[in-house]
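Below: the structure, in structure tokens.
The values are calculated or read from the model by the stated rules, or taken from the named source; none is laboratory data. These figures come from a predicted structure and were not determined experimentally. Using ideal geometry, Cβ is built from the backbone for each residue, glycine included, and neighbour counts are taken over all protein chains shown. Accessible surface areas use protein heavy atoms only, side chains included; no ligands, DNA or RNA. Shrake-Rupley method; radii C 1.70, N 1.55, O 1.52, S 1.80 Å.
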Amino acid sequence: MYYSHSLHDESLDFFESFIREIIAGKSNYKHLVEPIITDTHLYVLGDKDIYSVNRSGFTVIVFLAKTATDFFKTIDPENVSANDYNYILNVISSQRETARA
């Protein structure tokens, strides 16, 4: 089955690949992921709105906020663990599998 590959999907592809690299031990990708995790956290807490979040990560931030609200309310953006990265990766993967089914 074919599915549309949009800018949303492309943004998630990049974000997912960066998280996979971080999990593999390549910390040089953290600077690309951390602002998105921080803005998602602040967005779900209500400290930021859709107009003030990181524009380059907007689609990923909104996606994560909608699919893992409770998780992002409790995450500490200053101390993201390997378990946190794995959880985020699982959220992305499970949502994609649901969308493709």
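Remarks
- Under the span-like rule (Cα at least 15 Å along the axis, Kyte-Doolittle mean at least -1.0), DSSP H helices of the chain: 7-23, 30-45, 82-100
- Protein heavy-atom accessible surface, 1.4 Å probe, per residue over the chain: 61 Å².
- To the nearest 10, the accessible area of T38 is 40 Å² with a 1.4 Å probe.
- Cα-centre dipole for segment 17-101 with unit charges at Cβ (Lys and Arg positive, Asp and Glu negative), debye to 20: 340
- Total formal charge among the other residues, if their Cβ is under 15 angstrom from that of Y85, Lys/Arg +1 and Asp/Glu -1: -3
- Packing-based order for 56-67, 80-91, 23-34, using average beta carbon neighbours within 10 Å, highest first: 56-67, 80-91, 23-34
- Relative to the current alpha-carbon distance between D47 and V91, full extension at 0.36 nm per residue lengthens the span by 13.6 nm.
- MRE, 222 nm, helices only [DSSP H, n ≥ 4, -39500 (n - 2.57), over the chain, to nearest 500]: -21500 deg cm²/dmol
- Only one residue of F18, P35, Q95 has its Cα farthest out toward the positive end of the dipole of the chain, where Lys and Arg carry +1 and Asp and Glu -1 on Cβ, and that residue is Q95.
- Residues of type aspartates and glutamates that K73 reaches as a straight line, Cα spacing below 18 Å, ignoring anything fewer than 8 places off in the same chain: E34, D39, D47, D49, D84
- Förster radius 22 Å - calculated FRET efficiency between I23 and T67, Cβ distance, rounded to 0.05: 0.70
- With the convex hull of its Cα atoms as the shape, the chain has an orientation-averaged projected area of 6.5 nm².
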